[in-house]
1. How about the stretch 30-78: which of its residues are under 11 Å from the mean Cα position of the chain (by Cα), of a type in the set (A, V, I, L, M, F, W, C) and in a loop (DSSP other than H, G, I, E, B)?
2. If you take the residues in the stretch 10-29 that are in a loop (DSSP other than H, G, I, E, B), surrounded by 10 or more Cβ atoms within 10 Å (Cβ to Cβ) and not aromatic (Phe, Trp, Tyr), which one is nearest to the chain's Cα centre (by Cα)?
3. Check the stretch 31-50 and report whether any residue there is touching a residue at least 40 places away in the same chain (Cβ under 8 Å) and open to solvent by less than 80 Å² (accessible area, probe 1.4 Å).
Amino acid sequence: MTSGSGTTIWFAPQGFQASFVTVQYRVDGGQSQNYFLSYDSADRRWELPVQVSAGAVVTYFFNYQPSNQTSQITTPSYTWNAV
């Protein structure tokens, strides 16, 4: 994740291409939200801009499907403190 005037949740596959990437996240333990990420070919990563207040705690994980596979993969959960 990156900070600035907005926040971007991003996923950059290493050594493979993904057919799609979704993120499931919660802000401060609130309701879970699920979104498809868009591919940014300039940065070679999947992205989703979100609005998160400074000091918020974001817990998230990704689901993705490598282009050469038929099954989805789920990452571990991560926690990020917005600045």
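The values are calculated or read from the model by the stated rules, or taken from the named source; none is laboratory data. Values in this document were obtained by computation on a predicted structure and should not be read as measured data. Cβ: placed from backbone, ideal geometry, glycine included. Neighbour counts: every protein chain shown. In case anyone asks, the SASA skips ligands and DNA or RNA and just uses the protein heavy atoms, side chains included. Shrake-Rupley method; radii C 1.70, N 1.55, O 1.52, S 1.80 Å.
1. Within the stretch 30-78, Leu37 is the sole residue that qualifies.
2. Filtering first and then ranking leaves Ala12.
3. Scanning the stretch 31-50 turns up at least one residue that is touching a residue at least 40 places away in the same chain (Cβ under 8 Å) and open to solvent by less than 80 Å² (accessible area, probe 1.4 Å).
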